[in-house]
C-alpha cells in the first residue's frame, strides 16, 4: 500500500485535469498569465509527480502580451482518444466587469511529452471548456456559459449554467445547436464541467460556490447526454466550507478517473491557508481523494464524509522520481522546467544562458508592473517556510536600472530586493514593497555598497514573515529592513478588498532598465529550499 499526502502537487497548480494512459497518469493544471502555458505532470503511483512539459510553449500557440493579472490560461482539460491527446483551454483576455473575453482553443498531439499542434479556435461563450468523447464516436465541447445580463454577482458576468455543442474533428469546428444542459444546484456559480459515461449514465461533475471558501464539488447524472440532469441529493459530494479548521480549504474543481487496478479517485484544487491569517500564499494546489460508487449510483468519498483528507491510500506500488536539486547552477543549455516568465516567451535579447557560461543573463526591459515585456524568470513557492538565494553581478549606471530577487504575486503586488545606484552613481541595495500599487521603499535611498563585485541576495520566509538579507562574501549576511508581511502575496488578500485574483506566489530573478540601454544582470545560481517550520 502506498500512502499519499496532500497536496500531491504543491504550490500554485489549480484546476487539475487527469488521464491514465497505460500505467502512467498525467495531470494538466492552469498557469494563468505565466508562460509557457499549462503545467503537465506525470506519475506512476499517484503520489510522486514530476513536471514533464508545457504544451503551450510557442508564441504562435499562446501570446498573452497585455493580458490582465489573473488572465491567461484557465482550467485546461486533458483527454486521450484513439491514440491522440487533446488539450482544451481558455485564454482569458479581459476580466473587466460584466464582459469577460474568454477565448477557447484546442491543441492535439500523438506524443504527450513532445510538441503540440497550433491551436484551433472553438468559442468564447465562457470558461472551463472540456472535451467529452462519446462511446458512439462523437465529440462534445462542454463549458460554463457567461452572460452580461442581470443576475450575476455585482461587477461580474452571470454564471449562466453548463452548455454543450458537438465538435467535428474533420472540419475542426463546432457544429449543430449549442444547448444548455444544467443550471446548477442551489449553491450556484456552476463551472468546471466534466462528463463521464459510466454504467448507462452520463455523469456531470462540476465545481460550484466560487473558488474561495464556499467552493465544492457537485455531481449530477442523466440517462441522456442532453439531460435532464438530476443533482446529487447530498448537494456537494465534497466541500470544506462547513469547517474552517480543515487544513485543505477551497476544495473544488475536480476530475474523476479509475486507476489501473480498479480504484477510483478524484483530483481537485485546494488551498492551505495560514492559520493566523486565512490567506494562502501558495494559491490553489492539486490534491487527490479516493472515491467509490454507492449502491444507488452516486460518487462518494471513501472516508464516509463530504470533507477531504490529508492522506489517502492506493494499492499501486510506489515509484518515486529523483529528488530535484535545490540549487540551479545554470550550466545546462535550457532553464529547468520549474521556471516561467510572464505572458510571453523571453527572447535571447531578454534572457540567455549562452553569453556567459554558467550564468543566467537578463537584459533590463520594462518594470515589474508591466503587462508586456518583463525580463523575469521565477518559480513557484511550494513550502510555507523556505529560503531563496541568488548571486548577482550587476553594475548599474542609473537609478533607473535595477536587478535582483523578487517575491511576486502579480504586477500590483510584489516584494523586490534589488541592486541599483543613487543619483551620484553609488551602488545601492534596496527593498521595495508594492502593496496593491501603494509603493514603499523600506531602505529609503538605499544601502550603499562597493561599486563593483558580486552581491548575494536572500529571502527567508516563515509563514507570514519574510526577512531579506544581502552579503558581499556569501558568509556574512546583513539584514535589509524589518520583516515584511508575506501573506499579502495571496488571493485572499485581494479578496478582502473586493478584488478577484486566482494565482499564487512566485520567487525569482529579474532586471529592469528604463534608460533604453538594456543593461544586463548576470545571475550565477538560484537556490530554493524548504525550511523546517
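The values are calculated or read from the model by the stated rules, or taken from the named source; none is laboratory data. If you're wondering where the values come from, they're calculated on a predicted model, not measured in any experiment. Using ideal geometry, Cβ is built from the backbone for each residue, glycine included, and neighbour counts are taken over all protein chains shown.
For segment 320-331, taking the residues that are over 19 Å from residue 507 (Cβ atoms) and under 25 Å from the mean Cα position of the chain (by Cα), the one that is modelled with the lowest pLDDT is identified as 323. Surrounded by fewer than 21 Cβ atoms within 10 Å (Cβ to Cβ), at negative phi and assigned to a strand (DSSP E or B) - does that describe any residue in segment 266-280? No; the residues of segment 266-280 include none that is surrounded by fewer than 21 Cβ atoms within 10 Å (Cβ to Cβ), at negative phi and assigned to a strand (DSSP E or B). Scanning segment 514-533 for residues that are surrounded by 23 or more Cβ atoms within 10 Å (Cβ to Cβ) and more than 24 Å from the chain's Cα centre (by Cα) yields 520, 521, 523.
So is residue 128 within 21 Å of the chain's Cα centre (by Cα), modelled with pLDDT of 95 or more and either part of a loop (DSSP other than H, G, I, E, B) or outside the structural domain of residue 202 (by TED's automatic domain parsing) (or both) or not? Judged against the criteria, residue 128 is a match.
Of the residues making up segment 467-475, one or more are touching a strand residue (DSSP E or B) at 6+ places or on another chain (Cβ under 8 Å), at positive phi and in contact (Cβ under 8 Å) with a residue 12 or more places away in the chain. Taken across segment 305-312, residues that are more than 25 Å from the chain's Cα centre (by Cα), more than 30 Å from residue 379 (Cβ to Cβ) and in a loop (DSSP other than H, G, I, E, B) do occur, with at least one present. When segment 217-232 is filtered for residues that are part of a strand (DSSP E or B) and either closer than 26 Å to residue 270 by Cβ or in contact (Cβ under 8 Å) with a residue 12 or more places away in the chain (or both), the ones remaining, listed by number, are 217, 218, 219, 220, 221, 222, 231, 232.
Residues considered: 24, 53, 75. Of these, the only one that is touching a residue at least 60 places away in the same chain (Cβ under 8 Å), in the same structural domain as residue 110 (by TED's automatic domain parsing) and over 19 Å from residue 287 (Cβ atoms) is 53.
Just one of the listed residues (137, 235, 151, 176) is in a strand (DSSP E or B) and without any contact (Cβ under 8 Å) to a residue 12 or more places away in the chain, and it is 176. Taking the criterion of being outside any strand (DSSP E or B), surrounded by 15 or more Cβ atoms within 10 Å (Cβ to Cβ) and without any contact (Cβ under 8 Å) to a residue 40 or more places away in the chain, the only residue of segment 238-251 that qualifies is 241. If you filter segment 83-100 down to residues that are surrounded by 14 or more Cβ atoms within 10 Å (Cβ to Cβ), over 17 Å from residue 53 (Cβ atoms) and more than 19 Å from the chain's Cα centre (by Cα), you find that the one that is modelled with the highest pLDDT is 100. Listed residues 192, 210; which is within 30 Å of residue 501 (Cβ to Cβ) and touching a strand residue (DSSP E or B) at 6+ places or on another chain (Cβ under 7 Å)? On inspection, the qualifying residue turns out to be 192.
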